[in-house]
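Student: The structure under discussion is supplied below as structure tokens; questions concerning it will follow.
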Amino acid sequence: MFSEKLLEKFQENPVVVVLTGAGISAESGVPTFRGEDGLWKKFKPEELANFDAFIRNPEIVWEWYRYRQEIVRNIEPNPGHYALAELERMFPDFYLITQNVDGLHFRAGSQNPIELHGNIMRNRCLQCNKYFMEVDLQKEPVIPKCTECGGILRPDVVWFGEQLPQQALINAEKAINEANIFFSVGTSALVQPAASMPFWAKSSGAYLVEINIMETLLTPYVDEYLSGKSGEILPELIKQIKKT
Ligand code: OAD
């Protein structure tokens, strides 16, 4: 399944960078965004995932986030998340960048995932910026309020039209510049700037590998395409690296 070239690269103390998307959490039961059962088939992103929509109708946006927080609270990381946490323990120069907001990488033991799109279990006050975790929110009212200043809370995720957290982007760029091996795992490679990251890595000399159940716009440009579920391929990769 894996080329000799890839397995050899792992023997050379490489800087390994992994970018993950919704596909890595699919096997945990988190719906992806695109595709047949994707969230954006049933819901319109422009009505739910942008600041104007939130100001117009915070109740609907909060119902949608409460629903997704509920999903995330009741699921567990899968073998793909655990394999990445193990890869991090095996290689001192390992960086994990994720577009996911579900926090499953943390829960699987990854120490410092770079969360490009925030974290759905964290919320912040629009007025005073105080942070609240999901577990601290009351069920009612649907729109939670800040216990310090009474301001409205919002989920601490990046919505369409918003800037990515600056430090996350800086950390991601730094890791990518140094990458010897770059993996794009379970992402449709459509949303910027994450979609450009594999290209940045490749242009700075990284060996580019994609893991996905379907080909994407990135596939023609990768050095190696591994077709299948990340929860199966990543644990197998670890086995093979250990063997060699
Ligand atoms: P998408 O839903 O666009 O893509 C998920 C990808 O995972 C697809 O390419 C699937 O083929 C693949 N996939 C599904 N199951 C898989 C599995 N078991 N193993 C491997 N691959 C699998 O999700 P993202 O690319 O993460 O942003 O979407 C990017 C961003 O768009 C999200 O972070 C979100 C969304 O709008 C914001 O909300 C800001």
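Student: Kindly report the accessible area of the chain per residue (heavy atoms of protein chains, probe 1.4 Å, no ligands, DNA or RNA), in Å².
Tutor: Ligands and nucleic acids excluded, the figure is 50 Å² per residue.
Student: Please list, short to long, the whole-number percent of alpha-carbon pairs of segment 69-135 in consecutive 10 angstrom bins beginning at zero.
Tutor: In whole percents, the pair-distance histogram is 20, 46, 25, 8, 0.
Student: Per q in 0.21, 0.27, 0.33 1/Å, what log10 I(q)/I(0) does a Debye calculation on the alpha-carbon atoms of segment 52-97 return?
Tutor: Listed by q, the Debye log ratios stand at -0.74, -0.92, -1.06.
Student: Counting only residues 5 or more places away or on other chains, whose amide H sits under 5 Å from the amide H of ASP156 once H atoms are built in the peptide plane?
Tutor: ASN119, ARG122, ASN123, ARG124
Student: So what is the relative contact order for the chain, in percent, with contacts set as C-alpha pairs under 8 Å and at least six apart?
Tutor: It comes to 24 percent, rounded to a whole number.
Student: Could you quote the convex hull projected area for segment 1-115, Cα atoms only and averaged over all directions, in nm²?
Tutor: The orientation-averaged projected area of the Cα hull of segment 1-115 comes to 8.7 nm².
Student: A further question follows. Grab the DSSP H runs of the chain that are 4 residues or longer, score each as -39,500 (n - 2.57), total them, divide by all residues and round the 222 nm result to the nearest 500 deg cm²/dmol.
Tutor: -10000 deg cm²/dmol, from helical runs alone.
Student: On to the next question. Taking the Cα centre of each part, how many Å lie between segment 203-244 and segment 1-69?
Tutor: A separation of 18 Å, based on Cα centres.
Student: Could you give me the percent of Cα pairs per 5 Å distance bin for segment 147-244, shortest bin first, beginning at zero and ending with the bin that holds the maximum distance?
Tutor: With a bin width of 5 Å, the distribution comes to 2, 11, 17, 18, 17, 14, 7, 4, 4, 3, 1, 0.
Student: A follow-up question, please. Order the peptides 194-203, 30-39 from the highest to the lowest mean number of other Cβ atoms within 10 Å of their residues.
Tutor: In decreasing order of mean packing, 194-203, 30-39 become 194-203, 30-39.
Student: Using θ = phi - 60° and the Karplus relation 6.51 cos²θ - 1.76 cosθ + 1.60, list the HN-Hα couplings for segment 143-156 in order, rounded to whole Hz, with x at every Gly or Pro.
Tutor: Coupling constants for segment 143-156: 8, x, 10, 5, 6, 8, 10, x, x, 6, 8, 10, x, 8 Hz.
Student: If you don't mind, another one. Can you list, bin by bin at 5 Å, the percent of alpha carbon pairs in segment 194-244, starting at 0?
Tutor: 5, 19, 24, 23, 19, 10, 1
Student: Using θ = phi - 60° and the Karplus curve 6.51 cos²θ - 1.76 cosθ + 1.60, what whole-Hz ³J(HN,Hα) does each residue of segment 3-8 get, with Gly and Pro shown as x?
Tutor: 6, 4, 4, 5, 5, 5
Student: Choose one answer from THR187, THR216, THR147: the residue with the largest mean-square fluctuation in a GNM of the chain with alpha-carbon springs under 10 Å.
Tutor: Of THR187, THR216, THR147, the most mobile in the Gaussian network model is THR147.
Student: What FRET efficiency, computed as 1/(1 + (r/R0)^6) with R0 = 30 Å and r the Cβ-Cβ distance, is obtained for ASP136 and GLN192, rounded to the nearest 0.05?
Tutor: Plugging the Cβ-Cβ distance into 1/(1 + (r/R0)^6) gives 0.35.
Student: Can you give the alpha-carbon Rg of the chain over 2.2 N^0.38 Å, where N counts its residues?
Tutor: Here the Cα radius of gyration is 1.04 times the empirical estimate.
Student: Gaussian network model of the chain, Cα springs within a sub-10 Å range: biggest mean-square fluctuation belongs to which of GLU115, GLU59, GLU140?
Tutor: Of GLU115, GLU59, GLU140, the most mobile in the Gaussian network model is GLU140.
Student: Rank PHE54, PHE106, PHE182 by how far each Cα sits towards the positive end of the charge dipole of the chain (+1 on Lys, Arg Cβ; -1 on Asp, Glu Cβ) and give me just the farthest.
Tutor: PHE54
Student: Give me the mean projected area, in nm² to one decimal, of the convex hull enclosing the Cα positions of segment 91-179.
Tutor: 7.0 nm²
Student: Leaving ligands, DNA and RNA out of it, rank SER25, SER227 by accessible area with a 1.4 Å probe, largest first.
Tutor: Per-residue accessible area, sorted high to low, gives SER227, SER25.
Student: Just to check I understand the Karplus step: with θ = phi - 60° and J = 6.51 cos²θ - 1.76 cosθ + 1.60, what whole-Hz values come out for segment 94-100, glycine and proline as x?
Tutor: 10, 10, 10, 10, 10, 8, 7
Student: Mind checking the dipole of the chain: about its Cα centre, +1 per Lys or Arg Cβ, -1 per Asp or Glu Cβ, Debye to the nearest 20?
Tutor: Roughly 320 debye for the chain.
Student: Check which residues have an amide H placed less than 5 Å from LYS130's amide H, if you skip close sequence neighbours.
Tutor: For LYS130, whose amide H was placed from the backbone, the distant partners under 5 Å are CYS125.
Student: What is the percent carbon and sulfur in the accessible area of the chain, measuring with a 1.4 Å probe over the protein chains and ignoring ligands?
Tutor: Summing carbon and sulfur atoms, their accessible area is 51 percent of the total for the chain.
Student: Where in segment 118-162 is the amide nitrogen less than 14 Å from a point lying 7 Å along the Cα-to-Cβ axis of ASN50?
Tutor: Within reach of a label on ASN50: 159-162.
Student: Separate question: With springs only between Cα atoms under 10 Å apart, run a GNM on the chain and tell me which of SER110, SER28, SER204 wobbles the most.
Tutor: Looking only at SER110, SER28, SER204, the largest GNM fluctuation is found for SER204.
The values are calculated or read from the model by the stated rules, or taken from the named source; none is laboratory data. As the structure is a prediction and not an experimental result, all values here were calculated from the model. Cβ coordinates were reconstructed from backbone atoms using ideal geometry, including for glycine residues, and neighbour counts include every protein chain displayed. Only protein heavy atoms, including side chains, enter the accessible area calculation; ligands, DNA and RNA are left aside. Shrake-Rupley method; radii C 1.70, N 1.55, O 1.52, S 1.80 Å.
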